[in-house]
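The values are calculated or read from the model by the stated rules, or taken from the named source; none is laboratory data. No experiment lies behind these values; they were computed from the predicted model shown. Ideal geometry is used to build each Cβ from the backbone, glycine not excepted, and the neighbour counts take in all protein chains shown.
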Amino acid sequence: MERISVFDIFKIGVGPSSSHTMGPWVAAFKFLEKIDQQSLSSIHVKLYGSLAKTGRGHGTDIAVMLGLSGFHPTTIEVEKIDGYISETYANKTLKIGGKSAIPFNPLENISFIFEKLPFHPNALTFVAQFKNGSGLAETYYSIGGGFVIQEDSQLSDRQRVTLPYPIDKELDILNYVKETGKSISEIVWQNELCWRKEEEIRTGLLSIWDTMLRCIYKGCHSDGELPGGLNVQRRAHGINNKLLEHVEYTTIRGWMSTIKISGASFANVTKWVSCFALAVNEENASFGRIVTAPTNGAAGVIPAVLMYYLCFCENKGEADIVKFLLTSGEIGSLFKKGSTISAAMGGCQAEIGVSSAMAAAALTECMGGTPAQALMAAEIAMEHHLGLTCDPVNGLVQIPCIERNTMGAMKAITASQIALSSNPSLAKVTLDSVIKTMWETAQDMNDKYKETSDGGLALNVSVLVPEC
């Protein structure tokens with residue numbers, strides 16, 4: 001099986017969708033690497049299946065244009081995205097790789113084809129024509145969480161690495177724990193050393209958390225209406241102001257200190273957890289800087305639960321942040337290997353459900369739970385997301401996606417509390433059985449509930465969106 005690093009699960013990038021925005025963006029980058037950019041005369045992009053049906057709402061067309069223009073999702077200045085796209089529409093040209101301009105009219109050179117290709121519902125094809133009359137067509141599949149592959153592609157050398165503790169199932173973790181006496185995060189740390197040095201792992205994980213934290217902060221301090229035409233109002237800003245009653249602070253750390261002393265009552269904590277999750281996904285909906293965790297649509301769950309832990313529970317600061325991300329990342333990789341983290345394949349259980357399970361396990365380990373209790377928490381969280389559909393209204397990652405992150409975060413905390421008070425040896429359901437069940441549920445689920453906007457709330461919520 002493929003070997004997945006925590007840094008594959010957590011990717012710094014741009015909203016609103018890991019499979020519909022970041023994946024196609026990465027695919028465009030991969031295609032550029034295969035062609036002689038200087039000899040290119042034209043390029044056409046074909047979006048298939050789910051990428052076509054919800055592509056405009058998810059910004060798929062924008063993503064491929066930015067990728068072909070040479071911008072990278074981890075480094076692009078998000079505030080300038082609108083300007084770049086407006087320039088492309090106005091000039092009807094695209095600077096391939098940021099250098100050579102070719103004729104490109106987005107309304108003609110990007111096709112939305114509702115037909116689904118057999119291999120995966122998220123497919124896109126780049127068709128290039130060169131000045132000498134030759135051409136090249138390549139098809140890529142965005143399989144969730146920003147992962148991109150081609151059909152029948154081989155594992156990369158990085159994925160073939162031999163790990164000291166190869167993990168494909170929950171049972172593998174339990175066996176290693178029994179053999180070594182290590183925690184889940186300690187086992188994952190040893191595996192990560194096969195890809196990176198100790199300081200790189202620690203610095204990289206803290207950078208991921210810093211991006212999450214900045215996203216929460218920005219979301220809590222940004223007001224107004226989300227883009228896309230649904231006229232959805234941001235709410236995190238108002239909740240933040242109401243909870244802090246206009247207390248003054250000038251830094252993120254000062255803001256966090258104020259939250260910590262605001263009170264740990266049940267009502268206060270639940271409001272803050274909801275606020276944190278809303279903040280992240282309102283930023284995600286605005287093409288903001290976010291961390292895929294394990295997807296963009298579910299990017300608010302893990303930051304919200306980790307923020308809850310840092311603000312309202314006794315903790316060891318950076319050491320626990322590293323532990324939290326290592327544990328949650330490994331749980332995410334189990335779901336990717338045994339089921340899916342693509343809503344186009346499995347509905348929202350593959351996004352919010354997986355992120356909730358990841359957060360539940362990580363919180364449990366940080367709270368002093370045993371590895372078995374952490375795995376039990378992940379199982380509980382996913383068990384109560386089974387069958388959750390993906391039905392974005394008008395193809396936008398807003399309704400019901402933003403609020404679902406608050407629900408996933410609260411379920412993660414609840415699952416952790418139950419597991420910490422339970423004896424895993426008495427449990428009737430295992431994480432492996434839940435992952436298997438989730439995959440079977442995904443296969444049985446009607447396609448209209450898999451990120452197509454063909455069913456559910458997407459049909460039953462009446463909205464008026466202006467013509468483009």
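Any chance segment 93-116 includes a residue that's over 30 Å from residue 359 (Cα atoms) and under 23 Å from the mean Cα position of the chain (by Cα)? Yes: one or more hits. Evaluating residue 375 against the criteria (1) hydrophobic (A, V, I, L, M, F, W, C); (2) under 24 Å from residue 272 (Cα atoms); (3) in a helix (DSSP H, G or I) leaves one unmet condition, (2).
Within segment 127-138, residues that are free of Cβ contacts under 8 Å to residues at least 12 places away in the same chain have Cβ atoms under 6 Å from residues that are surrounded by 12 or more Cβ atoms within 10 Å (Cβ to Cβ) and not charged (D, E, K, R) in these pairs: 135/129, counting only partners at least 6 apart in sequence or on another chain.
Looking across segment 292-326, the residues that are among the acidic types (Asp, Glu) and in contact with a helix residue (DSSP H, G or I) (Cβ under 7 Å, 6 or more places away or on another chain) come down to 318, 320.
At least 3 residues that are more than 30 Å from residue 189 (Cα to Cα) and of a type in the set (A, V, I, L, M) in each: list the strands (runs of 3 or more DSSP E) lying fully within segment 1-117 that qualify. Walk me through how you get there before you give the answer.
Values: elements: 11-14, 40-49, 93-96, 100-103, 110-113.
Where strands (runs of 3 or more DSSP E) fall fully within segment 1-117 and carry at least 3 residues being more than 30 Å from residue 189 (Cα to Cα) and of a type in the set (A, V, I, L, M), they are 40-49.
Within segment 360-369, is there a residue that is of a type in the set (Val, Ile, Thr) and either in a helix (DSSP H, G or I) or in contact with a strand residue (DSSP E or B) (Cβ under 9 Å, 6 or more places away or on another chain) (or both)? Checked segment 360-369: at least one residue is of a type in the set (Val, Ile, Thr) and either in a helix (DSSP H, G or I) or in contact with a strand residue (DSSP E or B) (Cβ under 9 Å, 6 or more places away or on another chain) (or both).
Checking 402, 413, 435 one by one, the residue that is modelled with pLDDT of 95 or more and over 15 Å from residue 354 (Cα atoms) is 402 and no other. The set of residues in segment 407-440 that are closer than 30 Å to residue 52 by Cβ and either within 21 Å of the chain's Cα centre (by Cα) or aliphatic (A, V, I, L, M) (or both) comprises 407, 408, 435, 438, 439. You will find that of 6, 45, the residue that is buried (at least 23 other Cβ atoms within 10 Å of the Cβ) and out of contact with any Pro (no Cβ under 9 Å at 6 or more places or on another chain) is 6 and no other.
Filtering segment 289-310 to residues that are buried (at least 24 other Cβ atoms within 10 Å of the Cβ), more than 8 Å from the chain's Cα centre (by Cα) and of a type outside the set (A, V, I, L, M) leaves 300, 303.
Selection within segment 171-185: residues that are of a type outside the set (Ser, Thr, Tyr) and not in a helix (DSSP H, G or I). The member of this set that is surrounded by the fewest Cβ atoms within 10 Å (Cβ to Cβ) is 181. Within segment 278-318, the residues that satisfy the criterion of being within 19 Å of residue 224 (Cα to Cα) and part of a helix (DSSP H, G or I) are 278, 279, 280, 281, 282, 283, 284, 285.
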